[in-house]
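The values are calculated or read from the model by the stated rules, or taken from the named source; none is laboratory data. Since the model is a prediction, treat every value here as computed from it, not as a measurement. Glycine also receives a Cβ, built like all others from the backbone with ideal geometry; neighbour counts cover every protein chain displayed. Ligands, DNA and RNA are excluded from the accessible area calculation, which covers all protein heavy atoms including side chains. Shrake-Rupley method; radii C 1.70, N 1.55, O 1.52, S 1.80 Å.
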Amino acid sequence: MKMLVLGAGLQGSACAFDLLQDPEVTQVTLADIQPERMARFLSSRNDPKLRPVTLDVTDHTAVQHLMAGHAAVMSALPYYFNGPMAKLAVATGCHFADLGGN
């Protein structure tokens, strides 16, 4: 199962770390405009299941293209992105969860 995490800050990095522990997860894509900013506890793992990618979430075509093929999307983005990201996930047929609780 492929999972997508939007946002490579501490919350997104922690989510990706948790997902990497699940043996049923075959790939965790961690997308951010600066994916190199992921937390050291994640980047130092050198896990082949982790796929960091550069993504500008204001480019909705690129977001929707990346969502395709993933079972679910976890958003660790600022709250004002949640509406548009949820709509893109629905259009793509992808499950969506906002990690911010907003």
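For the range 71-96, residues that are under 15 Å from Gly7 (Cβ atoms) and touching a residue at least 24 places away in the same chain (Cβ under 8 Å) total 11.
Among the residues of the range 44-62, those identified as outside any loop (DSSP other than H, G, I, E, B) and under 15 Å from Met3 (Cβ atoms) are Leu50, Arg51, Pro52, Val53.
The rows are residues; the columns are (1) at positive phi; (2) out of contact with any helix residue (DSSP H, G or I) (no Cβ under 8 Å at 6 or more places or on another chain); (3) charged (D, E, K, R).
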| site | (1), (2), (3) |
| --- | --- |
| Gly12 | no, yes, no |
| Val25 | no, no, no |
| Phe41 | no, no, no |
| Pro48 | no, yes, no |
| Ala76 | no, no, no |
| Pro84 | no, no, no |
| Gly93 | yes, yes, no |
| Ala97 | no, yes, no |
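If you scan the range 13-39, which residues turn out to be open to solvent by less than 40 Å² (accessible area, probe 1.4 Å), of a type in the set (Gly, Ala, Ser) and within 13 Å of Leu99 (Cα to Cα)? Scanning the range 13-39 gives Ser13, Ala16.
Only one entry in Leu10, Leu55, Leu50, Leu42 is within 20 Å of Tyr80 (Cα to Cα), of a type outside the set (D, E, K, R) and surrounded by 17 or more Cβ atoms within 10 Å (Cβ to Cβ), namely Leu55.
Quick check on my filter: what residues within the range 51-85 are hydroxyl-bearing (Ser, Thr, Tyr), out of contact with any Leu (no Cβ under 7 Å at 6 or more places or on another chain) and at pLDDT 95 or above?
Here is the first cut: in the range 51-85, the residues hydroxyl-bearing (Ser, Thr, Tyr) are 54, 58, 61, 75, 79-80.
Next, only the ones that are out of contact with any Leu (no Cβ under 7 Å at 6 or more places or on another chain) stay: 54, 58, 61, 79-80.
Answer for the range 51-85, where residues must be hydroxyl-bearing (Ser, Thr, Tyr), out of contact with any Leu (no Cβ under 7 Å at 6 or more places or on another chain) and at pLDDT 95 or above: Thr54, Thr58, Thr61.
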